[in-house]
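So the structure is just underneath, and the comments pick up after that.
The values are calculated or read from the model by the stated rules, or taken from the named source; none is laboratory data. All of these numbers come straight from a predicted model, not from anything done at the bench. Note: ideal-geometry Cβ built from the backbone for every residue, glycine included; neighbour counts use all protein chains shown.
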Amino acid sequence: MLNKEKLIEHIKEDNLKDVVIKVIDKAEIVLKKHEIKSTDFLNPYELSAAINVLNSIYDLSYIEVGGYKEAERKTIVMFPDYLEDYMIDIPVAILEIQSLSQFVNLDHRDYLGSILGMGLKREKIGDIIIHNNMCQIIINSNLKDYILYNLNKVGNTSVKVKEIKLEDIIPPNIEYKKIQGNIASLRLDAVLSTGFKLSRTEAQSLISKERVNVNWGKTIKSSYEINENDIISVKGKGRVIVDSIEGKTKSGRTVVKLLKPI
């Protein structure tokens, strides 16, 4: 029996503890019954915490699967360590959703909303990659047939859905808007204000309402100090990446350069 309390004692956030406990539960089944088990799709923050715990469990092997190398959301497939990676069936499927209208531009929110509207949970869905009038979505393979046979509209737009192979995934080509700002400090609220053109009061309100994540982890502290390469996301507004911290101006303010996906 794995000592769950010991394994998660370093984790402070209740939501993250719940995620990691579910991973440990599956790891126990692998060790006891010699089965292969996979997690839901995890964001990078959850994935890092889970991997940290799994690395301390003996006789257990795992692989991370997101459909393509740069995938943001991944599932962990766990198996007894006497098995090899090539013996493991990958529990993901790739669906391509094609809009049948040339006059409607569907975005990430449209596709995700329609799929969640079918009664599916976000954690069963991996990355959603948008290419013009087409979307490629990585999902738990158990959901493949349900979506194939039941998804015929995204919003009010008719679509057709087909399964494709892993090698047919087209990784996203993300373009960024460059943002530079001179800020009083590297506090989260200051960087958030610059990245999203908000007042400090608006930024602090979003943070206190738990609508802001730093590196996929929630923070409710406006004073949280931001570092280079941090990713700040705001529910409903997108994200910015801290590309570089350039140092101080003559007046003592800090120069930051941000990248915002467009």
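Worth pointing out:
- Residue in the range 82-96 that is more than 27 Å from residue 19 (Cα to Cα) and in contact with a strand residue (DSSP E or B) (Cβ under 7 Å, 6 or more places away or on another chain) present: yes
- Search result, residues across the range 158-194 that are under 27 Å from residue 70 (Cβ atoms), part of a strand (DSSP E or B) and of a type in the set (Val, Ile, Thr): 159, 161, 164, 179
- Residue selected from the range 247-262 under the condition of a type outside the set (Lys, Arg) and surrounded by fewer than 14 Cβ atoms within 10 Å (Cβ to Cβ), by the criterion farthest from residue 214 (Cα to Cα): 251
- Top-ranked residue of the range 88-141 - restricted to ones that are farther than 21 Å from residue 77 by Cβ and among the small types (Gly, Ala, Ser), ranked as modelled with the lowest pLDDT: 101
- Flag for residue 185 being more than 20 Å from the chain's Cα centre (by Cα) and small (Gly, Ala, Ser): yes
- Flag for residue 205 being in contact with a Lys or Arg (Cβ under 8 Å, 6 or more places away or on another chain), among the polar types (S, T, N, Q) and in a helix (DSSP H, G or I): no
- The lone exception for residue 64 - which of (1) surrounded by 19 or more Cβ atoms within 10 Å (Cβ to Cβ); (2) more than 12 Å from residue 127 (Cα to Cα); (3) touching a strand residue (DSSP E or B) at 6+ places or on another chain (Cβ under 9 Å) it fails: (1)
- Residue among 57, 76, 63 that alone is outside any helix (DSSP H, G or I), touching a Ser or Thr at 6+ places or on another chain (Cβ under 9 Å), outside the structural domain of residue 154 (by TED's automatic domain parsing) and not polar (S, T, N, Q): 76
- Residue within the range 94-104 that is under 23 Å from residue 44 (Cα atoms) and either free of Cβ contacts under 8 Å to residues at least 12 places away in the same chain or surrounded by fewer than 16 Cβ atoms within 10 Å (Cβ to Cβ) (or both) present: no
- Residue ID - farthest from the chain's Cα centre (by Cα), chosen from residues in the range 24-52 that are closer than 18 Å to residue 125 by Cβ and surrounded by 21 or more Cβ atoms within 10 Å (Cβ to Cβ): 38
- Of the residues making up the range 216-246, those that are surrounded by fewer than 16 Cβ atoms within 10 Å (Cβ to Cβ), touching a helix residue (DSSP H, G or I) at 6+ places or on another chain (Cβ under 8 Å) and polar (S, T, N, Q) number 1.
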